[in-house]
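The values are calculated or read from the model by the stated rules, or taken from the named source; none is laboratory data. In this text, all values refer to a predicted model and were calculated from it rather than measured experimentally. No Cβ is skipped: glycine too gets one built from the backbone with ideal geometry, and neighbour counts run over all protein chains shown.
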Amino acid sequence: MNKILFIGCNDDQIPYLRELKNRELYVIGTDINSKAPGLKLCDRFYNIAYDQFAELIEIGNKEQFTKSDYIFTASAQFAHLGAAIFAGKFGIKYPPQKTIQICLDKSKFYRYFKQNNIPIPATCFIEDEKKLISEINNFGKNKNYFLKSDQSKNPNYIYNFNGNNVPLNNINWEKDRYFQKYYILQEEFLGTHVRLNIFGDEYNYYPFDISKGFDLTINQELLDSIIIHLKQIITSLSLSSWLIKFDIIVHNEKWVALDIGLDPPYRMLKYYINNNFDFYSNYINQYIDNKITYPSPKE
């Protein structure tokens, strides 16, 4: 029986755990919570966090993982770094550590986007308060801005303000897991905010704010062009076998990319569940069997 290391066993991960158990895999779970809700669904469980890299490797050695086994996480996006390190150690197919590091660090993926001709808002990198004030003066005070730390995860640390009223006293400058080197200052780009999911040759998209529903229409010619550009990024990052999500803003014939994501797509998941589609088994089909089987929203 093949083994799978399953990183993160909280409530949100339980449907994925159940699906994997149905496939007769030997599930070895990990979680920082010793009483994680998914513990009972694991064949074996280890009480460690996703960023305890050495301990993950110890588990792999103890459980005799080989390249024919699997690793999976539907936990926080940062869990993919531990998964990539583990996979690299045991020869398991997984995106390389370098790719994960690019996707987790805004200062890295914005540079990568720009190098690969993916449009982004007017952007600069900020090391300290002095540089922030200087760049706002260069861009223009009568504009709206977003300031995001390199490892930010909403609400840590993302700020939105006008250049005439910079919230200097509210901005964190102490280094921690969310702010390691840079803040990214971006001029606001006005338009329609879109969550775009790409999986194999397929894609779907939803309003970023789905509180008023899922309906959204984008010019097809523009959308085709966006998809071509983003698929090139996916291929170059060795992510072609994954479901990758992007946050973009569209305005008339222009667009910019704001983010790239590796974790399960919340809006797509929500839409499929609302329409009685089984998202979880199809997600596992892609990640374990490398098969694209998601039902079309038109079905």
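Annotations for the structure displayed:
- Residue in segment 62-71 that is hydroxyl-bearing (Ser, Thr, Tyr), out of contact with any Asp or Glu (no Cβ under 9 Å at 6 or more places or on another chain) and touching a residue at least 40 places away in the same chain (Cβ under 8 Å) present: yes
- Check on residue 182, touching a Ser or Thr at 6+ places or on another chain (Cβ under 7 Å), modelled with pLDDT of 95 or more and not assigned by TED's automatic domain parsing to the domain that holds residue 255: yes
- Residue in segment 95-104 that is in a loop (DSSP other than H, G, I, E, B) and surrounded by fewer than 18 Cβ atoms within 10 Å (Cβ to Cβ) present: yes
- Filter result (hydrophobic (A, V, I, L, M, F, W, C), within 20 Å of the chain's Cα centre (by Cα) and part of a helix (DSSP H, G or I)) within segment 207-241: 226, 227, 228, 230, 233, 234
- Taking every residue in segment 274-291 that is surrounded by fewer than 16 Cβ atoms within 10 Å (Cβ to Cβ) and pairing it with any residue that is not charged (D, E, K, R), at least 6 positions away or on another chain, the pairs with Cβ-Cβ distances below 7 Å are 290/241; 291/285.
- Of all residues in segment 78-94, those that are in a helix (DSSP H, G or I) and either aromatic (Phe, Trp, Tyr) or touching a Ser or Thr at 6+ places or on another chain (Cβ under 7 Å) (or both) total 5.
- Residue match in segment 285-298 (condition: of a type outside the set (Phe, Trp, Tyr) and in contact with a Cys (Cβ under 8 Å, 6 or more places away or on another chain)): no
- In segment 179-206, of all residues being free of Cβ contacts under 8 Å to residues at least 40 places away in the same chain and in a strand (DSSP E or B), the one that is nearest to residue 250 (Cα to Cα) corresponds to 205.
- Only residues that are out of contact with any Ser or Thr (no Cβ under 6 Å at 6 or more places or on another chain) and not in a loop (DSSP other than H, G, I, E, B) were counted across segment 45-64, and they come to 11.
- Of all residues in segment 242-258, those satisfying the criterion of being assigned to a strand (DSSP E or B) and surrounded by fewer than 17 Cβ atoms within 10 Å (Cβ to Cβ) are 247, 251, 254.
- Contact map, segment 108-119: residues that are in contact (Cβ under 8 Å) with a residue 40 or more places away in the chain paired with residues that are surrounded by 13 or more Cβ atoms within 10 Å (Cβ to Cβ) and among the polar types (S, T, N, Q), Cβ distance under 6 Å, separation 6+ or inter-chain. Pairs shown: 110/123.
- For segment 8-39, the candidate set comprises residues that are under 23 Å from the mean Cα position of the chain (by Cα) and among the polar types (S, T, N, Q); within that set, the residue that is surrounded by the most Cβ atoms within 10 Å (Cβ to Cβ) is 30.
- Residue within segment 3-17 that is in contact (Cβ under 8 Å) with a residue 60 or more places away in the chain, more than 26 Å from residue 265 (Cα to Cα), touching a strand residue (DSSP E or B) at 6+ places or on another chain (Cβ under 9 Å) and not hydroxyl-bearing (Ser, Thr, Tyr) present: no
- In the set (1) more than 29 Å from residue 211 (Cβ to Cβ); (2) free of Cβ contacts under 8 Å to residues at least 60 places away in the same chain; (3) part of a loop (DSSP other than H, G, I, E, B); (4) of a type in the set (S, T, N, Q), the condition left unmet by residue 134 is number (3).
- Residue within segment 145-161 that is out of contact with any strand residue (DSSP E or B) (no Cβ under 9 Å at 6 or more places or on another chain), surrounded by fewer than 18 Cβ atoms within 10 Å (Cβ to Cβ) and in a helix (DSSP H, G or I) present: no
So that you can scan it fast, the table gives a plain yes or no per residue for (1) modelled with pLDDT of 95 or more; (2) over 20 Å from residue 20 (Cβ atoms); (3) more than 14 Å from the chain's Cα centre (by Cα); (4) surrounded by 16 or more Cβ atoms within 10 Å (Cβ to Cβ):
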| residue | (1), (2), (3), (4) |
| --- | --- |
| 61 | yes, yes, yes, no |
| 87 | yes, no, yes, yes |
| 106 | yes, yes, no, yes |
| 114 | yes, yes, yes, no |
| 120 | yes, yes, yes, yes |
| 134 | yes, yes, yes, no |
